[in-house]
1. Which residue pairs have Cβ atoms under 6 Å apart, sit 6 or more places apart or on different chains, and have a first residue in the range 139-152 that is over 19 Å from S120 (Cβ atoms) and a second that is of a type in the set (A, V, I, L, M) and part of a loop (DSSP other than H, G, I, E, B)?
2. When residues of the range 42-63 are filtered for being polar (S, T, N, Q) and open to solvent by 20 Å² or more (accessible area, probe 1.4 Å), how many remain?
3. Counting only residues that are on the phi > 0 side of the Ramachandran plot and small (G, A, S), which one in the range 210-250 is modelled with the highest pLDDT?
4. Restrict the check to the range 552-568 and report whether at least one residue is more than 24 Å from R644 (Cα to Cα) and at pLDDT 95 or above.
5. Read through the list (1) farther than 20 Å from R254 by Cα; (2) at pLDDT below 85, then give the number of the only condition that V192 fails.
6. Condition first: assigned to a strand (DSSP E or B) and open to solvent by 20 Å² or more (accessible area, probe 1.4 Å). Now tell me which residues in the range 115-126 satisfy that.
7. Taking the range 144-186 as the region of interest, how many residues are at pLDDT below 65 and among the small types (G, A, S)?
8. Looking at G432, is it small (G, A, S) and either over 21 Å from the mean Cα position of the chain (by Cα) or on the phi > 0 side of the Ramachandran plot (or both)?
Amino acid sequence: MSILRVLLASLTSLMVCITVARAEVLPVEAYAKLPNVSSVTISPDGNKLAMYAGNTREERSIIIVDLTGSKSPVRIPTNGEAPVRVLWLANDRIGAYFTKFVSRFGGNVQGNQLRLVSISADGKDQVEISPAAFPSALLPDDPDHVLMSAPVVEQASSRSSSSAVVKNALYRVNIKTGRGSVVKRVGDDTVVIAVDQNNPEPYAIVSAEFERGTQSTFEYFRIEVPDGNRWKVIYELTNEPALNGDLPINLLGRGFNPDLVYFIREFPEDNTKTLYSISLKTGELRKEVSRPDVDVFSLATAPYTNLFLGVGWYDEVRRTDYFVPSIQSLMEQLQGAFPGSAINITSWDAAYQKYVVLVSGGTVAQSYFLFDGTTGQLALIESGYPDVPGEEVASVEYITYAARDGLEIPAYLTLPVGREARNLPLVMLPHGGPEARDVPGFDFWPQMLANRGYAVIQPQFRGSDGFGNDFIKAGHLEWGLKMQTDLTDGVRHLVQEGIVDPERVSIFGWSYGGFASLAGLTLDAETYRCAVAGAPVSDPMEMLNWVMNTTGARNRGNRGRAFEYWTSAIGDLRDDREKLLRTSPIENIANVRGPLLLIHGDRDTTVPIEQSEIMFEAMKEAGKEVELVVLKDETHNIQYGETRVQMMEALDTFMRRCNPPN
């Protein structure tokens with residue numbers, strides 16, 4: 001008998017799933033509001049759930065639900081701060097991360113500040129913990145403390161120097177007072193401190209140091225284990241390329257065999273990110289899981305022990321293979337119960353009996369479920385988008401097409417419900433990054449557009465992450481060039497297939513996707529009848545100057561990581577000047593044929609709002625049709641429900657006018 005005996009039992013009367021009659025066009029708010037719940041996580045003893053809930057800044061709260069039914073749900077206001085993540089620090093205490101925009105030194109230093117707060121399960125006691133501290137492991141024999149890694153500032157050892165030195169350390173932190181004591185100091189070159197709950201001492205550290213003056217090559221990369229009072233190097237590389245600026249290792253999980261540690265790494269000879277294991281005794285390195293076409297993107301590790309459980313990647317859907325038979329069996333049955341959905345086990349208790357499962361896409365508009373292995377029941381916690389009924393969730397197809405130079409481009413194609421896939425209007429939706437990727441599942445942008453009647457294509461153009469290092473490098477210095485023609489070739493493919501009407505194609509994107517939207521309107525004007533550009537780069541040369549000034553690269557003469565990324569992606573101000581001018585949207589406004597909508601947050605510290613403002617003024621001066629929507633108090637990543645609704649309403653109104661879906 002299947003373990004999935006009961007499919008949608010109500011978990012609590014706190015949250016009621018709203019049933020909506022089938023509608024031809026759903027309200028913008030159905031998609032634009034923040035999800036009803038997010039970051040759902042279960043306590044180590046399996047008796048409580050914690051989550052963020054609420055659609056607006058004022059409503060957003062932490063909700064704690066007692067699964068035993070002995071206590072009423074607890075609501076803890078977030079006081080307008082943007083929630084990031086909630087996790088359990090003990091059975092009766094959570095850790096909540098928030099971000100808040102801060103401006104200092106007369107506005108010269110601006111950005112989001114992270115806060116970590118330890119909160120009792122009844123919400124009555126809250127203690128601030130250093131935001132630089134990262135929980136590493138719980139201590140079941142000492143529930144008032146957790147192990148956390150964080151930097152520590154020390155005085156320089158030289159008598160002639162009064163300067164401070166920042167070193168990394170492992171702390172034992174009291175979660176009720178916020179105070180901590182150092183368990184182990186390590187070097188300032190340490191990037192990972194590996195611990196588990198069975199031993200308060202680190203069982204391994206990972207150290208790396210860039211070559212002086214660059215962040216493209218590591219002088220060394222080491223894995224070390226304790227050897228008495230010293231650290232013994234069991235694995236070392238020197239002069240190691242920093243592929244795409246990444247650290248050598250950023251994920252670790254200890255195996256059921258405690259001698260083995262698992263990590264994801266992309267060595268130059270691999271091309272794609274690969275799962276490796278290493279013996280802590282011998283330093284023997286072994287390749288465990290590798291795909292030639294896509295990256296291994298995640299380790300599944302137990303949240304309280306860091307025990308390695310499985311490995312995941314994306315292709316047509318999200319896939320996670322678990323090395324624990326009982327969890328793998330659950331995953332397979334979930335996949336059978338929700339065909340076509342992306343399924344992610346996001347949290348589980350310490351006994352591996354209760355699991356929080358996020359289901360997204362297929363016929364589910366992003367819902368959280370609780371599976372109880374002791375009863376075999378799967379219960380609905382809450383739908384993230386309750387106003388989007390399952391029959392209105394548009395289908396998403398994974399397709400590939402050939403770029404004009406023969407490179408195979410993967411893409412996700414969302415098609416409207418109830419319409420034949422013939423001669424449809426199209427919205428081209430390039431992702432941000434650009435060294436990022438779209439993932440399968442429920443995505444509120446293409447889903448809203450498909451509900452209006454548009455086909456939506458999301459190409460994973462060259463330069464996208466997830467398809468190997470060669471695919472990323474193929475996008476370097478190709479802004480406005482091959483990265484852009486990859487989009488055009490996607491339009492041509494759909495036209496040739498008869499799916500899309502070539503006269504009804506528009507483009508919308510955010511961040512890098514915003515640049516691609518501007519480039520589509522200025523460099524490929526015959527393809528797109530209009531464009532929406534969110535938080536876009538409109539003048540690459542001005543953007544590079546801004547990055548140099550804000551990162552200090554101009555004054556220090558040391559090309560920091562951010563500046564090296566921008567120059568490797570876009571180009572060098574001096575060496576690539578001609579190309580930068582040729583592919584700059586603001587320099588090619590004369591080519592524009594259709595209207596443009598610009599949307600930008602006024603607190604964006606990734607791409608400053610000036611990039612939209614100068615494009616707006618230049619378009620007006622050239623007599624072109626243009627609008628600018630400013631999202632007040634919003635940053636680069638849209639954090640608040642109110643501004644999400646404002647942005648989506650502007651997008652919906654503009655698209656219907658400039659590229660009507662019917």
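1. That search, which allows pairs on different chains as well, returns A150/A132; A150/A133; P151/A132.
2. Number satisfying all stated conditions: 3.
3. Among residues in the range 210-250 that are on the phi > 0 side of the Ramachandran plot and small (G, A, S), the one modelled with the highest pLDDT is G228.
4. Initially, the range 552-568 is screened for residues more than 24 Å from R644 (Cα to Cα), giving 552-568.
From what's left, at pLDDT 95 or above: none.
Within the range 552-568 (the criterion being more than 24 Å from R644 (Cα to Cα) and at pLDDT 95 or above), the answer is no, since none of the residues qualifies.
5. Tallying (1) farther than 20 Å from R254 by Cα; (2) at pLDDT below 85, V192 fails exactly one: (1).
6. R115, Q126
7. 8
8. Details: small (G, A, S): yes; either over 21 Å from the mean Cα position of the chain (by Cα) or on the phi > 0 side of the Ramachandran plot (or both): no.
Criteria not met by G432.
The values are calculated or read from the model by the stated rules, or taken from the named source; none is laboratory data. Since this is a predicted model, take the numbers as computed values, not measurements. Quick reminder, even Gly has a Cβ in these numbers, built from the backbone with ideal geometry, and neighbours come from all protein chains shown. The area values use the complete protein model at the heavy-atom level, side chains included, leaving out ligands, DNA and RNA. Shrake-Rupley method; radii C 1.70, N 1.55, O 1.52, S 1.80 Å.
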